[in-house]
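Asker: Take this structure, written in structure tokens, and hold onto it; I'll ask about it next.
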Amino acid sequence: MNHLLRRGACPGLSAPMPTGDGLLVRLRPIGTVSFAALVKLCAAAREYGNSVIEVTARGSIQVRGLSAESAPLFANAVATLGIVVEDGLPIFSNPLAGLDAEEILDAAALAAGLRDALAGTSLAKRLAPKVSAAIDGGGVLGLDGISADLRLGAEATPEGAALHIAVGGDGASATELGVVAAENAVETALRLLEVIAQFGSDARGRDVLASSGSVKFRSAIADLLIADSAPRRSRKDSQAIGTHPLGDGSLAFGIGLAFGHTEAETLQRIAKAAQAVGASGIRAAPGRTVMIIGLAPWTAQSFAKTADGLGFIVSAADPRRHVFACAGAPICSSARVAARAIAPRIAEAAAPYLDASLQIHISGCAKGCAHAGVAALTIVGAPRRCDLVADGRARDAPFATAAPDELPAAIARYAREKKREISHV
């Protein structure tokens, strides 16, 4: 196993990443994972790692605490579970793709077609490790909140499904290129990825835009674009937490991992509880969420009660949804503050004021791994103190500092004043 990780690469099974608590492996499962496989995955995380399992903001599963000796054994164990794991260019599709009662087209099938096409070329190997694509099939849970180098977003037309094409950003910031017919989606994606590859092995979509605007992208797909296409309207992502109807009449239930992590034993318990009430499997989803698939409508309430009792987030009103925390010290060797350890106290102190307009990011260092966007308040670990950044990111200049043990009270005061400002706007 190769333990040397190229800078900017993702820590997959074949290239675990060194962290403060050992090696970290990131998995991107494709489709629904059976409960039997999940239970065994959790058992492997306990045997070969430190039992901490995370779900990231982009819907990947991370296992922590592996060693140089145990990481190959963990990879071997995962290989026997039948979990289909993406190990190339990240291609994101809707969390309920192929199951959603409201989707315009099956984004999972389109993503599979793009993976197959890439497998027959050298293109993926010529792209930067973090180049990604997002395929939004128009279902209830959208992907506008995920930034990607290439975006394909479905819309219904009188002639059938079509796809809006955009590059270099999230649903609001990406540069629109136009619309293509669904049957030309894979060819469109391959051509646009080829444009990025031509700019070098470290290039991203935004680099191409900064260098030459959208001209090269548009030229590459000019013959595929549908004339007189209107820009796609950015849509707000629906809330993943809670119940969602599926096409077969059953429900999916989204539960959040508080601050993005849980213990392997706890995840095993929720898997067994879901299986006991007849659910069929689980999917990891963006927003540090997992979707329980195939619940009967009359079992959803009892399942939610069980999940709540195990510490999962089952309500969109839960204040913990609005606090983002990285692993922090001592888990991460770069961190200067125990971000994850203090997150519950901060969430509790600021609970009356937290919502989508007031979110808090706790970052162990200035890299800001837990939340790439702007937050109302960002707490950044520094030597013997924490820097406080208003309406910015972890790398921005602070307006104040506080000792770690003073943070809950200081943040409650800030949140209260910030809410007053917002209410008077």
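The values are calculated or read from the model by the stated rules, or taken from the named source; none is laboratory data. Just so we're clear, the structure is a prediction, and the values are computed from it rather than from any experiment. Here Cβ is always computed from backbone atoms with ideal geometry, including for glycine, and neighbour counts include all displayed protein chains.
Asker: Does Gly260 satisfy the criteria of being out of contact with any helix residue (DSSP H, G or I) (no Cβ under 7 Å at 6 or more places or on another chain), modelled with pLDDT of 95 or more and buried (at least 16 other Cβ atoms within 10 Å of the Cβ)?
Answerer: No: the conditions fail for Gly260.
Asker: Right, next: Can you tell me how many residues within region 376-402 are out of contact with any helix residue (DSSP H, G or I) (no Cβ under 9 Å at 6 or more places or on another chain) and among the small types (Gly, Ala, Ser)?
Answerer: Count: 4.
Asker: Related question: Starting from region 231-255, keep only residues that are under 22 Å from Arg151 (Cβ atoms), then list their pairs with residues that are hydroxyl-bearing (Ser, Thr, Tyr) and modelled with pLDDT of 95 or more whose Cβ atoms are within a distance under 7 Å, requiring at least 6 positions of separation or different chains.
Answerer: Ala240/Thr289
Asker: May I pose another question? Out of curiosity, is Ala109 free of Cβ contacts under 8 Å to residues at least 60 places away in the same chain, in the same structural domain as Pro129 (by TED's automatic domain parsing), surrounded by fewer than 17 Cβ atoms within 10 Å (Cβ to Cβ) and aliphatic (A, V, I, L, M)? If you could, list the steps in order and put the result at the bottom.
Answerer: Numbers: free of Cβ contacts under 8 Å to residues at least 60 places away in the same chain: yes; in the same structural domain as Pro129 (by TED's automatic domain parsing): yes; surrounded by fewer than 17 Cβ atoms within 10 Å (Cβ to Cβ): yes; aliphatic (A, V, I, L, M): yes.
Taking the combined requirement at face value, the residue satisfies it.
Asker: With Ala304, Ala300 as the choices, which residue is of a type in the set (A, V, I, L, M, F, W, C) and under 24 Å from the mean Cα position of the chain (by Cα)?
Answerer: Values: Ala300 fails: under 24 Å from the mean Cα position of the chain (by Cα).
Answer to the selection: Ala304.
Asker: Only strands (runs of 3 or more DSSP E) wholly contained in region 270-381 count here; list those with 1 or more residues that are farther than 29 Å from Val84 by Cβ.
Answerer: Answer list for region 270-381: 323-325, 360-363.
Asker: On to the next question. Among the listed residues Gly294, Gly309, identify the single one that is free of Cβ contacts under 8 Å to residues at least 60 places away in the same chain and on the phi > 0 side of the Ramachandran plot.
Answerer: Gly294
Asker: Quickly run through region 120-176 and pick out the residues that are surrounded by fewer than 21 Cβ atoms within 10 Å (Cβ to Cβ), closer than 17 Å to Phe199 by Cα and among the hydroxyl-bearing types (Ser, Thr, Tyr).
Answerer: Answer for region 120-176, where residues must be surrounded by fewer than 21 Cβ atoms within 10 Å (Cβ to Cβ), closer than 17 Å to Phe199 by Cα and among the hydroxyl-bearing types (Ser, Thr, Tyr): just Ser122.
Asker: Any residue in region 344-364 that is more than 27 Å from Glu421 (Cα to Cα) and either surrounded by fewer than 24 Cβ atoms within 10 Å (Cβ to Cβ) or modelled with pLDDT under 90 (or both)?
Answerer: No, that holds for no residue.
Asker: Right, another one. Just the residues that are surrounded by fewer than 19 Cβ atoms within 10 Å (Cβ to Cβ) and of a type outside the set (D, E, K, R), please, taken from region 307-318.
Answerer: Gly309, Leu310, Gly311, Ser315, Ala316, Ala317
Asker: Related question: Which members of region 383-400 meet the condition of being surrounded by 15 or more Cβ atoms within 10 Å (Cβ to Cβ) and farther than 17 Å from Ala57 by Cα?
Answerer: Correct list: Arg385, Cys386, Asp387, Leu388, Val389, Ala390, Gly392, Asp396, Pro398.
Asker: Of all strands (runs of 3 or more DSSP E) completely enclosed by region 144-216, which ones contain at least 1 residues that are without any contact (Cβ under 8 Å) to a residue 12 or more places away in the chain and more than 15 Å from Ser93 (Cα to Cα)?
Answerer: Here the list reads 148-157.
Asker: Next up: Applying the selection to region 261-277, what residues are more than 28 Å from Ala370 (Cβ to Cβ) and touching a strand residue (DSSP E or B) at 6+ places or on another chain (Cβ under 7 Å)?
Answerer: Across region 261-277, the qualifying residue is only Val277.
Asker: Considering each residue of region 123-143, count those that are part of a loop (DSSP other than H, G, I, E, B) and at negative phi, and give that number.
Answerer: Summing the residues that are part of a loop (DSSP other than H, G, I, E, B) and at negative phi in region 123-143 gives 13.
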